[in-house]
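What follows is a single structure, written as structure tokens, with notes after it.
FYI, it's all coordinate maths here, none of it is from the lab. As the structure is a computational prediction, the values presented were derived from the model and not from experiment. Cβ: placed from backbone, ideal geometry, glycine included. Neighbour counts: every protein chain shown.
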Amino acid sequence: MTSSILVTGGAGYIGSHTVRALREAGRRVVAYDSLELSEPSAVGDTPLVVGDIADHELVERTCREHDVSAIVHFAAYKNVGESMLSPGKYFRNNVDGTVRLLDAAVAADVRQIVFSSSCSVYGTPAVVPVDEAQPVHPESVYAETKAMVERVLRWYDEVHDLRSISLRYFNAAGASFDSAIGEDWTYALNLIPVAIRALLTGDQELQVFGDDFPTPDGTCVRDYIHVDDLAAAHVAAIDHLADGGDTTAVNVGTGVGSSVLEVLGAIEAVAGKPVPHRIVARRAGDPVATFSDTTRSRQLLGWRAQYGLQEIVETAYRWHLTQLERGS
Ligand code: NAD
Ligand code: WQD
């Protein structure tokens, strides 16, 4: 039997795109998800095990039954605001859940893992573009859980020879080009789904959090990366580990920063109508500008982003239209 890749959080937004990309690259995949924040339809006909990452017995059995050689670990909570209200919920699921997953993986002889880290581990970067040598300085409980797991992973390599790549994603956005999967606005509070919801449903205008930042148009700058580009980075990371790559952390971004108003302009150009919005006060803790230095991802993984803001907005818009037509 050929070995498989276990994708935790495989029914989620980035996980479901990565499940597809891995299968398109010819890999056998088993998705593993509690379905707390996602729908099983997102994995299509990929085998899906419904369970919690903290369930040692189920993870170990799944790894053995599917001859798992590597894990891509997405399963986590990701709402920064909620993490500041309920830190225990985030430390339990994102950190303790991951430690339990790792112990089950080691028990099942799995020694390679790709982990969903986040650009938020840098906090507000002193210099942009931000590279991996800049200090890790989390500014939220959520970001702290990612920084903690990166450190846990370094010790699991030291003690158990479990090699890992922590991918520090910038702002994931967009949907699949065939509009089959995308980011559900029922769950997401991020700029692009919220702006498209305002445009398509008209029930809530978008609040732009501040236009008095020291940027060219006064709004915050971020590195929006297409979810299919992110998925491709995971395939590259899995290959790198299979080739003997060492434990490390790598940024995954485009290297291009876009302001909030540029994003709204791109959405309006695709939709042909305005995004209803108004400027409100700054949101606490928002870094002024952050975007990725892409040197390491190109050199180490041989990966670079193929898409820009145009494709992100086009695919996201088309997917949300399809969702409305389906009545969801
Ligand atoms: P998502 O919420 O769509 O997917 C997470 C999935 O994990 C969901 O399907 C959920 O049901 C599942 N899950 C959560 N806890 C679980 C548990 N204990 N056991 C099993 N399944 C569980 O989120 P996403 O946007 O796809 O993000 C995936 C990962 O990437 C997360 O770790 C997130 O922190 C990280 N990340 C996301 C972004 C982004 O911009 N979306 C940026 C940086 C990092
Ligand atoms: C983008 C820009 C807002 C909503 C988050 C996480 C980060 C990482 C990526 C997981 C900002 C502005 C937003 C709105 C707005 N995720 N905005 N009105 O905060 O850059 O990053 O996703 O690891 O950890 O924090 O993303 O989409 O919330 O915001 O004006 O209703 O849009 O101020 O400048 P963020 P976002």
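Which far-off residues, 5 or more places away or on another chain, put their amide H under 5 Å from the one on residue 130, with H placed in the peptide plane?
Sorted by chain and number, the residues that satisfy this are 291, 292, 293.
Quick one: what do you get for segment 210-298 if you divide its Cα Rg by 2.2 N^0.38 Å?
1.40
Taking the alpha-carbon set of segment 85-176, what are its Rg and Dmax in Å?
Rg, Dmax (Cα atoms, Å): 14.2, 42.
Which of 302, 253, 12 ends up with the largest GNM mean-square fluctuation for the chain, with Cα atoms connected below 10 Å?
In the Gaussian network model the winner is 302.
Anyone know which of 188, 21, 133 comes out most mobile in the 10 Å Cα GNM of the chain?
Among 188, 21, 133, the largest GNM mean-square fluctuation belongs to 133.
For n ≥ 4 DSSP H runs only, could you compute -39500 (n - 2.57) per run for the chain, divide by its residues and tell me the 222 nm figure to the nearest 500?
Taking each H run of at least 4 residues, the total per residue is -12000 deg cm²/dmol.
To the nearest 0.05, how large is the calculated FRET efficiency for residue 86 and residue 295 if R₀ is 56 Å and r is the Cβ-Cβ distance? Walk me through the intermediate numbers first.
Values: r = 37 Å, r/R0 = 0.66.
Calculated value: 0.90.
Give me the tail of P(r) for the chain as a percent: Cα-Cα pairs with distance above 27 Å.
41
What is the gain in length, in nm to one decimal, between residue 284 and residue 243 on full extension, counting 0.36 nm per residue of separation less the C-alpha to C-alpha distance? Walk me through the numbers on the way to the answer.
On the way: separation 41, 0.36 × 41 = 14.76 nm, distance 4.27 nm.
Length gained between residue 284 and residue 243: 10.5 nm.
How much net charge surrounds residue 8 when only other residues with a Cβ under 12 Å from its Cβ are counted (Lys, Arg +1; Asp, Glu -1)?
In short, -2.
Please report, to one decimal in angstroms, the Kirkwood hydrodynamic radius of segment 1-48 built from all distinct Cα-Cα pairs.
On the way: mean 1/r = 0.0964 Å⁻¹.
One decimal place: 10.4 Å for the Kirkwood radius.
Most mobile of 300, 153, 167 per a Gaussian network model of the chain (Cα springs, under 10 Å)?
300
How much net charge surrounds residue 95 when only the other residues with a Cβ under 15 Å from the Cβ of residue 95 are counted, with Lys and Arg +1 and Asp and Glu -1?
Computed value for this residue: +2.
So for the pair residue 268, residue 304, with labels modelled 7 Å out along Cα→Cβ, what separation do we get in nm?
3.2
What does the charge add up to near residue 39, with Lys and Arg as +1, Asp and Glu as -1, over the other residues with Cβ less than 10 Å from its Cβ?
Surrounding charge for residue 39 is -2.
With θ set to phi - 60° and the Karplus curve 6.51 cos²θ - 1.76 cosθ + 1.60, what are the ³J(HN,Hα) couplings of segment 213-222 in order, to the nearest whole Hz, using x for Gly and Pro?
7, x, 10, x, 10, x, 9, 5, 10, 9
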